[in-house]
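To start, the structure under review is shown below, and the notes come after it.
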């Protein structure tokens, strides 16, 4: 009997430690890339005993099976990749980090209290990230703020997700105090977005807010329009000037993207079954003898600015179909969950998915842990709801 109690105590302590690492990882995501790597490593080490002795089932359900297949396709691509080293490097970070957080979330966030702590950690760290970006842009005069995340567009993406989350709090929250936090989060998020001057993030935000508004009630389009008018009223002139450039197909960013899309489609047709290997797009300029194909691209890029083209080029048709299957599963599960229990977390997730689909069609940012891990948190929460954890608590 004492032996059983002792084992139970050890299991509870291990579970508590894993949850602490989840909270810490969620908090550190927008603040420190190296911190993400360190905490992800600690989380993995704490999960290993659970994988062998306790309760982790990696193949339970179609979603988990689809994830496992996608991981296999990534690793197998090393056999014919331009550089196997780049495949394994990309697998270790960020892919493995995404998988670690996903499985930790769906297996160890088991109560309303734990869910609240997770999202409080997320809210506080994003306010800090937004605040530093605002300081860089409005006080220091940085042309495009990066905050703690190295790239302005990543800051924009992080803020886009944060604003959609807080807008969902505002529309679906059940008490005035919570709605006040939603308003504060929207303010910080929009200012952080302004600081990034990211055009794709702003357009993605518009799409995400529209989806959340429709999910609440068609009449909530009024709330959506109010937010958009406020954004349009206070948007910095530099931001407006950059948005105007989108109308010019000969402007650098528009022209370059079109060239990358055309090149990507041709590369896919070159190796439609196998692809060139995961995380290998950045090597095509030096490794492939395709001058007639690449001569349009005057600059080397790490990705092709469209996640679907990028995955097709790197993993071939099977990798692309697997990715589309996972995306379809996520959207389907989100919609089913929302119809069963209309709460702010599911609405936010569906809005975030819509925004991310658009943004990753014009600027791949899911390869960046600061963006991808936040997305994984919301996807993991949807799986929690599938397990009947009541998420209408906030």
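The values are calculated or read from the model by the stated rules, or taken from the named source; none is laboratory data. Keep in mind that this is a model prediction, so the values were computed, not measured. For neighbour counting, all protein chains shown are included, and Cβ atoms are generated from backbone atoms with ideal geometry for every residue, glycine included.
A few remarks follow.
- Sole residue being touching a residue at least 40 places away in the same chain (Cβ under 8 Å), assigned to a helix (DSSP H, G or I) and either touching a strand residue (DSSP E or B) at 6+ places or on another chain (Cβ under 7 Å) or more than 27 Å from residue 138 (Cβ to Cβ) (or both), chosen from 178, 170: 178
- Of the helices (runs of 4 or more DSSP H) lying entirely inside the stretch 209-323, the ones with 3 or more residues being in contact (Cβ under 8 Å) with a residue 40 or more places away in the chain are found at 221-234, 237-244, 252-270.
- Annotation note: Cβ proximity below 6 Å between a residue of the stretch 112-126 that is closer than 15 Å to residue 382 by Cβ and a residue that is outside any helix (DSSP H, G or I) (sequence gap 6+ or interchain) occurs for 115/109.
- Complete set of residues in the stretch 104-120 that are closer than 11 Å to residue 47 by Cβ and in contact with a helix residue (DSSP H, G or I) (Cβ under 7 Å, 6 or more places away or on another chain): 104, 108
- Within the stretch 263-300, the set of residues being at pLDDT 90 or above and within 21 Å of residue 200 (Cα to Cα) comprises 264 only.
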